[in-house]
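Asker: This is the structure I have questions about; it appears just below.
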């Protein structure tokens, strides 16, 4: 069970916070010759739905919808909007999830991924950096799964 206040807090951080950052950035991006990149962090949880994390899964699913709408709104500009959906990545947040699920360590999540290992933050960062580069100019409205194959099925 989750209180409305707890649900609202998860939505505020993960969805409303993303929307507010986009709203603040777009005028500047458009004023700078209409070039820019928006990259939001979604999650494999937004595609899968995870036990004990319904609000988080819903918020991250909504981030993808937000990005797709923003991408369409900006499609005729040189501003792209995409999401990255990390899988189990070596972070303090994943350590907390291991405790939530009663696992011995976060490494257990890596064993469950098709690649058989945890992902590194640098792997997420590499995708984000590429999405921010000129090489990604034709990619907009995408949700790129950097999840070790977690969402393949």
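A quick yes/no check of all residues on (1) surrounded by fewer than 20 Cβ atoms within 10 Å (Cβ to Cβ); (2) within 20 Å of residue 145 (Cα to Cα); (3) in contact with a strand residue (DSSP E or B) (Cβ under 8 Å, 6 or more places away or on another chain); (4) at pLDDT below 95:
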{"site": "5", "(1), (2), (3), (4)": "yes, no, no, no"}
{"site": "22", "(1), (2), (3), (4)": "yes, no, yes, no"}
{"site": "33", "(1), (2), (3), (4)": "yes, no, yes, yes"}
{"site": "44", "(1), (2), (3), (4)": "no, yes, yes, yes"}
{"site": "48", "(1), (2), (3), (4)": "yes, yes, no, yes"}
{"site": "58", "(1), (2), (3), (4)": "yes, yes, no, no"}
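Asker: Specify which of the listed residues (42, 71, 75, 54) is touching a residue at least 12 places away in the same chain (Cβ under 8 Å) and touching a helix residue (DSSP H, G or I) at 6+ places or on another chain (Cβ under 7 Å).
Answerer: 42
Asker: Here is a follow-up. Working only within region 78-119, note down all residues that are without any contact (Cβ under 8 Å) to a residue 60 or more places away in the chain and within 30 Å of residue 30 (Cα to Cα).
Answerer: The answer is 78, 79.
Asker: Could you tell me whether residue 59 is in contact (Cβ under 8 Å) with a residue 12 or more places away in the chain and farther than 18 Å from residue 139 by Cα?
Answerer: yes
Asker: Among the residues of region 113-136, which ones are crowded, with 16+ Cβ neighbours inside 10 Å and either in contact with a helix residue (DSSP H, G or I) (Cβ under 9 Å, 6 or more places away or on another chain) or not in a helix (DSSP H, G or I) (or both)?
Answerer: 113, 118, 119, 136
Asker: Additional query: May I ask you to say which residue of 149, 141, 102, 110 is part of a helix (DSSP H, G or I) and surrounded by fewer than 20 Cβ atoms within 10 Å (Cβ to Cβ)?
Answerer: From the options 149, 141, 102, 110, the qualifying one is 110.
Asker: Looking at region 49-60, is at least one residue more than 28 Å from residue 9 (Cβ to Cβ) and part of a loop (DSSP other than H, G, I, E, B)?
Answerer: no
Asker: Within region 1-38, how many residues are part of a loop (DSSP other than H, G, I, E, B) and without any contact (Cβ under 8 Å) to a residue 24 or more places away in the chain?
Answerer: The qualifying residues number 3.
The values are calculated or read from the model by the stated rules, or taken from the named source; none is laboratory data. Nothing here was measured: the structure is a model prediction, and the numbers come from that model. A quick note on method: Cβ atoms are made from the backbone with ideal geometry, for glycine too, and the neighbour counts reach across all protein chains shown.
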